[in-house]
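Q: Sharing a structure, written as structure tokens. Questions coming.
The values are calculated or read from the model by the stated rules, or taken from the named source; none is laboratory data. Computed from a predicted model, the values in this text were never measured in an experiment. Every residue, glycine among them, receives a Cβ derived from its backbone with ideal geometry; neighbour counts consider all protein chains shown.
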Amino acid sequence: MILEGKFALKAPIQLLWDTLLDPETLQACIPGAEKIARFDEKTYDCLVKQKVGPITVRFKFKVILVKVQPPEHIEMEGEGEDIGKAGRFVQRTTIDLKENKGGEVELSYNCKANIVGKLAMFGDRILKAKAKKVEKEFTEALHEKLKSVV
Amino acid sequence: MAKYLLCFTVNGEYHELYIKPKRLLVEVLRDDLGLTGTKRACNTGACAACTVLLNGASVKSCSVLALQADGAEILTVEGLADGARLSPLQRSFLDHGAYQCGFCTPGMLVSAQALLDENPKPTREEIREGIQGNICRCTGYNSIIRAVEAVAKGKYKEKG
Amino acid sequence: MIRDFVYLRADTLKETLDILEQCKDDSKIICGGQSLLILMRQGLVSPRYLIDIKHLEELDYIKFSSQEGLKIGAITTHRTLEKSALIKKRYPVLVDMEKNLASVQTRNWGTIGGNLAHGDPTGDPGPVFIALNAIVKTANKERERTLPLEEFFIDFFETALEENELLIEIQIPVVPPKTAVAYEKFNIIKNDQGIVSVAASMTADDSGIKCKDARIVLGAAAPVPKRAKAAEQMLRGQKLNERLLDQAAEKASKEAEPVADVHASEDYRKFLVKALTKKMVMRSWEQAKRLT
Amino acid sequence: MKKYTVINTPVHNIDGIAKVTGQAGYTFDIKLPHMLYGKILRSPYAHAKILKINTRKAKRLIGVKAVVTGKDTLGIKQGIWRRYKELCDEEILARSKVRYIGEPVAAVAAVDEDTAEEAQDLIEVEYESLPAVFDPLEAIKEGAPQIHEHAEQNINVTRHIEWGDVEEGFKKADYIREDRFRVSSQAHVCMETHNAVASYTPEGKLTVWTSTQSHYYIKVLLADILGLKENDIRVISRYTGGGFGSKFELDSAQFCSALLSMKLCRPVKIVLMRDEEFMATKRRTPMFYYLRTGVKKDGKFLAKEARVYTEGGAYTAMGATALYLTGFFQAFPYVWQSYRYDGYRVYTNTEPSSAMRGFGAPQATFTAETQIDLIASDLGIDPIEIRRKNAMYPGYEVPGQARIQSCGLSQCLDKIEEWVKSRGKLPLHRGIGVAAYGFMSGGIFNWFDTPYAFSSALVQVNIDGKVDLYVGSQDMGQGSNTTLSMICAEELGVRLEDIRLHMGDTDTCPVDLGAWGSRETLMQGNAVKMAAADAKRQILEFSAAKLGPNIVYDLDIKDRWVHLMARPERGLSYYDAVKETIRGKDGQPIVGRGHYTPHRKGMISPAYSFGVQAVEADVDPETGKITLKNCVTAHDCGQVINPLGVEGQLEGAMAMAAGYGFTEDLPMDEGKILNPNLVDYKVLRATEMPETKVVEVETYEPEGPFGAKEAGEGLTNPTAGALSNAIYHATGISIKNLPITAEKVHDAIRDRERKKKAKKTDRVQRTKQK
């Protein structure tokens, strides 16, 4: 499944860039994030809890920054699995920052995510709906967070 | 994990069993009582191969906890015939070729029986709706519908 | 694989609520279990305690009075509703809805309370009961409370039920005069869950010319059964004509927030909402205006 | 005297009573003393290297008896292509690399299913994810990830068929039409999922009970991959709960249970769950089809060019045959002056696509028949007329490919035309679509490299006149047991109830290649007929002395009466004749043997069935929803053996094929099937089935037993095409992308409206400008 979108903020691009890569920002913005730590320069360790009705999953996964071109472009890949073995999660995300006229920065993202395992049995629709919701909450939170920094 | 007492009647025979609460009705029928006529084919409650009658109503035995059948009367495909004497529906299924691989047949027969018990003179449309929950991958259903219709029209009244 | 659990069953509602209070942190209620057991089999839900209420006869009833309307006990099966002469006479739309809800086997064992408490936005009863202005009654050890069904659904598979609460009754208040309700779902395989569904309740004014009230509820078109309030507003107080119907249907389709899946795209679902809204509003209106 | 006393009389299947009473025992029902339960761990990756598998934790779990991985195998790549080793490319338990989501990587045996499942979660597999490719058109591009070392640009197999001068044909054509199609996948959905119980004993013998279409194949393939002798393995399959092509290849349940049992010397049972069945038991081959067709004004077919790319998935499986057959049946059942086919099977990181009922022909028939209606409509010719004009006929030779002997296609067209006319004027938004088709009666291919006859049978007549019939074929619901018993009874001159058929056991039954490619009636039927004739000859030889005819050939048996053909009233009881014969043979029972292997019958099959189907459907112009109303089929299967069986096969095939036409599909996201369950995978239900009618067109097939040929598999060919034509006639819209969902129809109708509107405004504007 593909999630993509963009939004714009009035802020210096470097500041946005730094905030974005900060584990604290991520932990604050990713819904259900229980732990996000930087393992090394390129790797994050994450634990994210998600709930759909009676189903709760905890995804333990690594995110690796495969391509970093400050302050404009990041590509990252992540994968991991639910602690209860309900599914395995793989994602590839690209984020682009672009300075527009008038000091505005446009942030666009494209995330290809895939879940396999028992969870996938539960229904493509619900996973997609949930992902969409998580995406919305994340971008809203990020938007807020970034606004608060600038 | 503690086991619980399950008392129920299956095809007229009374049983008392100690089972784990997570056991499904289909599992107890097949594994504990050896009534393997009842099949299981989807794991999502979608195919109805496991249909049995519970106090006269058709249910999917894969979607009923065995303990919930405590005190109930169950009828499985093995209970349809009386010794060597097949039920009207069974005879009609034979005559109409209403089965092929036979794997869905037990569930199909029980569903059809439930339909006729409730509505002895169903229309063709009602028959279609009555067996709608049961998947058959072989026959294309129409021979099954003809078989049920024949029974409804009284063609199998005489004892077989 | 279903993980082991402790099976709990009490003889009365009161005792059941006591048990629920004690093990609320890690328990699930099972009634018909038609949805729950599938999740448990996948290993997606593994409660420590499973509380069985299937046999609680005190919750198995259909009552009607002209003052209070309809009351349905939570463990009433779909099939009981479908075959009830009372329901057939007074709420034919419910019989229609039930006849097309899943397979006979599921309807024989599954219950109305279980269906609603599962909180599946593709469920059939949700939209119809909301159109009928239904209220749910819940109880915990301490108290009972009621809330509109519309507020009961919170998110995908999430309801307003607290961990220590049980859904015990569904009520349909007295239906205003000259009111009719229609419901239909769109699917390819009959009795399958709807790709989308729409319930519409129309009330005609005394003269039978103008729409006095309208309630339109969309199923499988959002994380919860969703009222198309803007569309309803367009109809209230108006004389119905083709153009207005089209506009209202268009509005309802804009209010829908469907998600694409293997069965249909977002656009197609929105289109279906439009088509079904028009059809259901028309159908219920035609009935409503003729009522006395 | 009636021509036949047994065949052509409707009878219920001989295993019917067992099936309607729930007594029929499937592999799924087997429980052996001391039996363990196995589960298979599968890859969550579409393409990855296996770096390490740690089974320690799993093995430590109480109740777990063994865990096996690719390292415990001989690492032999297997496949039915024993004559073409490069096509044997699947290990079943991957050792170093996985190529699709669902590929087995480890298996565990434990005391019960739950423990095995728990252990599965404790096996730790370290993968290194590799770039993957899912679309065949992407996979053939330069720089695409390479899935197998030996296959550059991921091309697995190519096929070419050509006759006549295609270029010349196009030059002569008055009208040329090009179309592109995308034909989707389909899941088999056998009601009994793939399963096996394997029991290895210290004597070195392995017994495998399994739900299969070919116990002989399974036995030999297991021997190959386990390093055992063929005859140290016994494969038993009494009842098979459905088989539509996926059950004649070796599967993971069979292999893993055998491997575990050999390690433990205990019986191990593995039953695949429904999601595994969807993900990893192979599926119908999706295809990209390009068709270019040239015809005369009057509709005479001149030239056709077909180019096909098939989505092969991760392994060859039986996909190479599907590639060939789709090319062959693309030109069927018509006379083409020239034809050229180029097919490419491409590896992708998806579940392997393989044989499924129709074996490439449904894809061919859908595309060809849809295009024919478009051509007919473009030229203003009646759809049945254009088919009649080009129909194959008895004695026609498909150049270099096949020779048609019996062919009732024209009669089928007549019957269908009659029915279509009887429908009169149709209501609005309703259409009738027609499709013609044909299919083979058993494949001539011996990719398996068996030295045995393709089919053999043994008939033993006992002292009480009862007959034991031993066949190697497999009844998986299609009713071959009954058909074969009827053939035996007819030939021998006894009644059906005199026959006791034995099948599904490699220890006691002679070899037959199994139930696939519609081979049982003709091939196994011929073997049975020959065996019965052999036994009969022995009885007649002894009877001759008593009845005193000129020569033995003047005698016959019918309905248990041995008699002079010229004077049927003169004869003796069959029972007495049998007793005399056995006495005369020094007390030996009467044994007849028969076998069949097609010789000099072209490239494909010894005989072909033909038919025409009409589908009547409603299309809701608003939502695009399709409702099937009627389906009428005229089918030429030669001499009908069991009318009840034929009817059932035809209706069943139609239901499956209709599903293929408008509801069934396996959509994927990066190689992951999105609907691997029966809730989201839409199989037709009783409420969606239209009324069906079957019209038998009898012909006599010289190569078949009593003139019989295929009935049942070929019927999966026409429905999608007939439906697509019905939709076309109802709406004017032709959907070239299966399945024809309501949404696709809806979108096409809206699209057309928009274009019409745009044209109109365009015209209005231009008028204004003027």
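Q: Just to be sure I understand the filter: pairs with C-beta atoms under 6 Å, separated by 6 or more residues or on different chains, first member in the range A:1-19 and touching a residue at least 40 places away in the same chain (Cβ under 8 Å), second member surrounded by fewer than 15 Cβ atoms within 10 Å (Cβ to Cβ) and among the polar types (S, T, N, Q). Which pairs pass?
A: Close Cβ pairs satisfying both conditions: A:Lys6/A:Ser108.
Q: Oh, and also: Which of the residues that make up the range C:60-97 are polar (S, T, N, Q) and within 15 Å of the chain's Cα centre (by Cα)?
A: If the condition is that a residue be polar (S, T, N, Q) and within 15 Å of the chain's Cα centre (by Cα), then C:Thr76, C:Thr77 are the ones that fit.
Q: Something else: Could you please give the count of residues in the range D:393-413 that are part of a loop (DSSP other than H, G, I, E, B) and within 23 Å of the chain's Cα centre (by Cα)?
A: Count: 6.
Q: Another question about this same structure. Within the range C:154-191, track down each residue that is at pLDDT 95 or above, outside any loop (DSSP other than H, G, I, E, B) and among the charged types (D, E, K, R).
A: Passing the criteria: C:Glu169, C:Glu184, C:Lys185.
Q: On to the next question. Here's a check for you: in the range D:719-770, which residue that is in a loop (DSSP other than H, G, I, E, B), within 28 Å of C:Phe186 (Cα to Cα) and more than 14 Å from chain C (Cβ to nearest Cβ) is farthest from the chain's Cα centre (by Cα)?
A: Filtering the range D:719-770 for residues that are in a loop (DSSP other than H, G, I, E, B), within 28 Å of C:Phe186 (Cα to Cα) and more than 14 Å from chain C (Cβ to nearest Cβ), the one farthest from the chain's Cα centre (by Cα) comes out as D:Gly732.
Q: Further question on the same structure: Only residues that are assigned to a strand (DSSP E or B) and either more than 23 Å from the chain's Cα centre (by Cα) or at pLDDT 95 or above (or both): list them for the range D:694-716, please.
A: Passing the criteria: only D:Ala708.
Q: Can you report the number of residues in the range B:70-101 which are hydroxyl-bearing (Ser, Thr, Tyr), part of a loop (DSSP other than H, G, I, E, B) and surrounded by 24 or more Cβ atoms within 10 Å (Cβ to Cβ)?
A: Within the range B:70-101, residues that are hydroxyl-bearing (Ser, Thr, Tyr), part of a loop (DSSP other than H, G, I, E, B) and surrounded by 24 or more Cβ atoms within 10 Å (Cβ to Cβ) number 2.
Q: If C:Lys24 satisfies all but one of (1) within 30 Å of A:Lys118 (Cβ to Cβ); (2) within 14 Å of chain B (Cβ to nearest Cβ), what's the number of the condition it fails?
A: The single condition C:Lys24 does not satisfy is (2).
Q: Right, here's the next one. Which ones in the range D:635-689 are at the interface with chain B (Cβ under 10 Å from one of its Cβ atoms) and in contact with a strand residue (DSSP E or B) (Cβ under 8 Å, 6 or more places away or on another chain)?
A: Scanning the range D:635-689 gives D:Pro643, D:Val646, D:Glu647, D:Leu650, D:Glu651, D:Met654, D:Ala658, D:Glu688, D:Met689.
Q: A follow-up question, please. Could you please give the count of residues in the range C:187-221 that are aliphatic (A, V, I, L, M) and within 14 Å of another protein chain (Cβ to nearest Cβ)?
A: 7
Q: Follow-up question, since we're still on this one. Within the range B:44-96, restricting attention to residues that are acidic (Asp, Glu) and out of contact with any His (no Cβ under 7 Å at 6 or more places or on another chain), which residue is modelled with the lowest pLDDT?
A: B:Asp82
Q: Within the range D:524-541, is even one residue of a type in the set (Gly, Ala, Ser), buried (at least 22 other Cβ atoms within 10 Å of the Cβ), touching an Asp or Glu at 6+ places or on another chain (Cβ under 7 Å) and not assigned by TED's automatic domain parsing to the domain that holds D:Lys229?
A: Yes: one or more hits.
Q: Here is a follow-up. Could we say that D:Glu277 is part of a helix (DSSP H, G or I), of a type in the set (D, E, K, R) and crowded, with 24+ Cβ neighbours inside 10 Å here?
A: yes
Q: What's the number of the condition C:Lys185 fails, among (1) touching a Lys or Arg at 6+ places or on another chain (Cβ under 6 Å); (2) buried (at least 22 other Cβ atoms within 10 Å of the Cβ)?
A: Only one criterion is unmet by C:Lys185, namely (1).
Q: For the range A:69-93, enumerate the residues that are among the β-branched types (Val, Ile, Thr) and either without any contact (Cβ under 8 Å) to a residue 12 or more places away in the chain or not in a strand (DSSP E or B) (or both).
A: Hit for the range A:69-93 is A:Ile83, nothing else.
Q: Which ones in the range C:263-278 are surrounded by fewer than 24 Cβ atoms within 10 Å (Cβ to Cβ), more than 9 Å from chain D (Cβ to nearest Cβ) and either over 25 Å from D:Ile673 (Cβ atoms) or touching a Gly at 6+ places or on another chain (Cβ under 6 Å) (or both)?
A: Within the range C:263-278, C:Lys270, C:Lys274, C:Lys278 qualify.
A quick yes/no check of all residues on (1) acidic (Asp, Glu); (2) crowded, with 24+ Cβ neighbours inside 10 Å; (3) part of a loop (DSSP other than H, G, I, E, B):
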| residue | (1), (2), (3) |
| --- | --- |
| D:Gly431 | no, no, no |
| D:Ala436 | no, yes, no |
| D:Gly442 | no, yes, yes |
| D:Ala453 | no, no, yes |
| D:Gln460 | no, no, no |
| D:Asp464 | yes, no, yes |
| D:Leu469 | no, yes, no |
| D:Gln478 | no, yes, yes |
| D:Thr482 | no, yes, no |
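Q: Let me ask something else about it. Would you call B:Leu35 in a loop (DSSP other than H, G, I, E, B), among the aliphatic types (A, V, I, L, M), surrounded by 21 or more Cβ atoms within 10 Å (Cβ to Cβ) and in contact with a strand residue (DSSP E or B) (Cβ under 9 Å, 6 or more places away or on another chain)?
A: yes
Q: Still on this model: Return the total of residues in the range B:134-152 being more than 13 Å from B:Ala49 (Cα to Cα) and at the interface with another protein chain (Cβ under 8 Å from one of its Cβ atoms).
A: The number of residues fulfilling the criteria is 8.
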